[in-house]
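Worksheet: the structure to be examined is printed underneath.
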Amino acid sequence: MWIVFRILVLSALLFAAMRGLLFWRYHEYFADTSLTTALLSGSRFDLKLVVAAMSPFLLILILPLPKRFSQTLRRFAAYACALVLMILLSLAVADLAYFGEVNRHISSELAQLGGDVQEIVATAFSSRLGDTLFGVGLWILIWWVWRKWVMPIVNVSGSLKKQWFQAALSLVVLIFLARGMVVQGKPLSTVDAFNGKGQAQANLTLNGVLTALQSFNRKSEKPLIYMSEAENTAFEQRYPTPFVYHNQTPSERRNVVMILLESWSYRYIDALAQGKYGVTPNMDALVRQSQVWRQFYAAGQRSIIGMQAVLTSVPVLPDRNTIGWGLEMNNMSRLAQLAQKNGYRTLMAQSSNRRSFHMDGIAQAVGFEEYYGKEDVPLLRSYPQDTPTYGWDYDTLMFVGKKISEQPEKPFFAFVFTGTTHEPFARVGQEFERYPHDPKGEKGLLNTISYSDWAIGELMAYARTQAWYDNTIFVFTADHTFRVANASNKEQFHIPLVIFDPRGKAAIHDELASQYDLLPTLTQWLDIREPIATFGRNLLDKQSPVLPIMLNRGETIIALTPQGEATEFRQQHLLSGSLNNDVRLIQWRMQKADELLQHNRWYENN
């Protein structure tokens, strides 16, 4: 047990020293950060890495073994831990040298080095010779300390009963550390480094080796190449700044409430799709009083893709990390952070558990000051079953409305992610069951939409009694659609966008739009005047050309053109449709966005 303790302490101290070197070497970048805070919080990432990397050998060291080969095996395991630590710290030195290139830690780049070993070795012994010698010095230091401080206590002593007790205790501690010191919910993730203090603070907290090794769990991120150099150059000349938007329209600084509705397909809202499902009377009423986009599409088919598109407007590209799984290390526009810098109170809530989808970390990563989950929401009504995994929409929406009313005088941006309409579908009560209950199928979804629609009506009734109502824009959209059999490519992504302004007029818009357009659009109502990076456009700007849009279905991309054509392609293979000019524009935008993201140049004004 004590040898494991010494290994962990030594490892933590060495990684803390590397964090201090990072702080010192790039002191201008980290000028507004707290090294003390990063050291304390960063130890969770360091120890998670060490325990995960050394786990087979640490298990050998803690478990009682037969005496006939115990000593030899334990010495082997102890020296193996030393070798693992030397390798990890070598990668930490490489990360230290790399950080200055793009102002973030190594990520998927590590998986791409196989074909460049010769160039890397040449660099290590030329321009990076100082870093190489420093790494060699670390190896010597580790080996010396290991021989003097770790190996002398490699053997165990005491009764077998005591050894088993120590082994059980050590195992619990190792599991705790491997989870990043998180007891409940999802284990520690990259996004947990964000504590509302900005990206530089998060980068100082993170362990670059951990971020790099985690990238091996994903597919290799080779650059996206869709066109020749000549075509690429022609597009770059035509669109010199394709992802920069600067709002210069005078604004009244409106409040914004955005509600992201789980699985609300366009087809289920009768006022939009002219259907007869009969489960959306409140939304139907809002549609008749709102600005509505009839050709609005989700960026993908998963909730996290919708979150990324709406809150950052960074494209979700094939085989690339999403927010919450590494993307947040890049410089990018973050909607809540922009609002907060502009004097807004920012709050986010989801009806699911706080750590569901790592949403607590994502909320901090995009700049929300306040974040609430199911654990924070008191139940306001009786239900025919226990609280489902994804929570109750009514109680969550009313909770947010009352939270807003606690500070009615301050401008605010509130974001709510609902969940009752997530499978398996809960029993919401007979008053909402328009169809026979089905926990997995469309009828179960429709019943939960009926309940969720009623909850929206209750929120709006409450809001109308509050002082902040008249100055508030209400944005209703969905994260993605509910998948139904035989749906067309377009219908698989077709979601509502209903924007209600108590002081505005109703309008119908038929131009093509997607979730990527929401961030630039909201900058106008939030009076955000600094340039932003976006894959979309401001839907309120009539001078902005309508763009073809990109829809993500894993490795397959669907390009929708303003003329209504849909083209499917995977890598450079055309699956359906034709490679017309609009589709080639989408492919160039994807290729250009990938290049900027790979070099952390997506948003250079951050």
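The values are calculated or read from the model by the stated rules, or taken from the named source; none is laboratory data. Small disclaimer: the values here were computed from a predicted structure and weren't measured. Note that each Cβ is placed from the backbone with ideal geometry, even for glycine, and that neighbours are counted across all protein chains shown.
Between a residue in region 73-98 that is not assigned by TED's automatic domain parsing to the domain that holds ALA17 and crowded, with 19+ Cβ neighbours inside 10 Å and any residue that is at pLDDT 90 or above and not in a helix (DSSP H, G or I), which pairs come within a Cβ distance under 8 Å, given they are 6 or more apart or on different chains? Close Cβ pairs satisfying both conditions: none exist. One residue alone among ILE449, ILE456, ILE404 is touching a Ser or Thr at 6+ places or on another chain (Cβ under 7 Å) and at pLDDT 95 or above, and that residue is ILE449. The condition of being outside the structural domain of ALA339 (by TED's automatic domain parsing) and part of a loop (DSSP other than H, G, I, E, B) does not hold for VAL209. In region 217-225, is there at least one residue being surrounded by 13 or more Cβ atoms within 10 Å (Cβ to Cβ) and within 30 Å of GLY373 (Cβ to Cβ)? Yes, the conditions are met somewhere in region 217-225. Each residue in region 367-390 was checked for being in contact (Cβ under 8 Å) with a residue 40 or more places away in the chain and closer than 24 Å to PHE412 by Cα, and 3 of them qualify.
What are the residues in region 529-571 that are of a type in the set (Phe, Trp, Tyr) and either in a loop (DSSP other than H, G, I, E, B) or more than 22 Å from LEU317 (Cβ to Cβ) (or both), if any? Break it down stepwise before answering.
Initially, region 529-571 is screened for residues of a type in the set (Phe, Trp, Tyr), giving 535, 569.
Of everything in region 529-571, just one residue is of a type in the set (Phe, Trp, Tyr) and either in a loop (DSSP other than H, G, I, E, B) or more than 22 Å from LEU317 (Cβ to Cβ) (or both), namely PHE535.
Taking the criterion of being at pLDDT 95 or above and of a type in the set (A, V, I, L, M, F, W, C), the residues of region 483-511 that qualify are PHE493, ILE495, LEU497, VAL498, ILE499, PHE500, ALA506, ALA507, ILE508. As a summary of the residue check, ARG503 satisfies the conditions (1) loosely packed, with under 14 Cβ neighbours inside 10 Å; (2) in contact with a helix residue (DSSP H, G or I) (Cβ under 7 Å, 6 or more places away or on another chain); (3) of a type in the set (D, E, K, R); (4) within 25 Å of SER333 (Cα to Cα) except for the one numbered (4).
Scanning region 402-460 for residues that are in a helix (DSSP H, G or I) and touching a Gly at 6+ places or on another chain (Cβ under 6 Å) yields a single hit, LEU459. Of all residues in region 495-541, those satisfying the criterion of being under 19 Å from LEU338 (Cα atoms) and of a type in the set (Asp, Glu) are ASP517, ASP527, GLU530. Within region 1-28, the residues that satisfy the criterion of being surrounded by 17 or more Cβ atoms within 10 Å (Cβ to Cβ) and among the aromatic types (Phe, Trp, Tyr) are PHE15, PHE23, TYR26. The set of residues in region 529-545 that are closer than 23 Å to ASP594 by Cβ and either modelled with pLDDT of 95 or more or not assigned by TED's automatic domain parsing to the domain that holds ALA299 (or both) comprises PRO531, ILE532, ALA533, THR534, PHE535, GLY536, ARG537.
Flag: TYR462 matches the condition of being hydroxyl-bearing (Ser, Thr, Tyr), closer than 24 Å to PRO408 by Cβ and in contact with a helix residue (DSSP H, G or I) (Cβ under 8 Å, 6 or more places away or on another chain).
I'd like to verify a number: residues in region 148-189 that are of a type in the set (S, T, N, Q), more than 30 Å from MET359 (Cα to Cα) and surrounded by 14 or more Cβ atoms within 10 Å (Cβ to Cβ), how many?
So in region 148-189, the residues of a type in the set (S, T, N, Q) come out as 155, 157, 159, 163, 166, 170, 184, 189.
From what's left, more than 30 Å from MET359 (Cα to Cα): 155, 157, 159, 163, 166, 170.
So of that shortlist, the ones also surrounded by 14 or more Cβ atoms within 10 Å (Cβ to Cβ) come out as 163, 166, 170.
Counting residues in region 148-189 that are of a type in the set (S, T, N, Q), more than 30 Å from MET359 (Cα to Cα) and surrounded by 14 or more Cβ atoms within 10 Å (Cβ to Cβ) gives 3.
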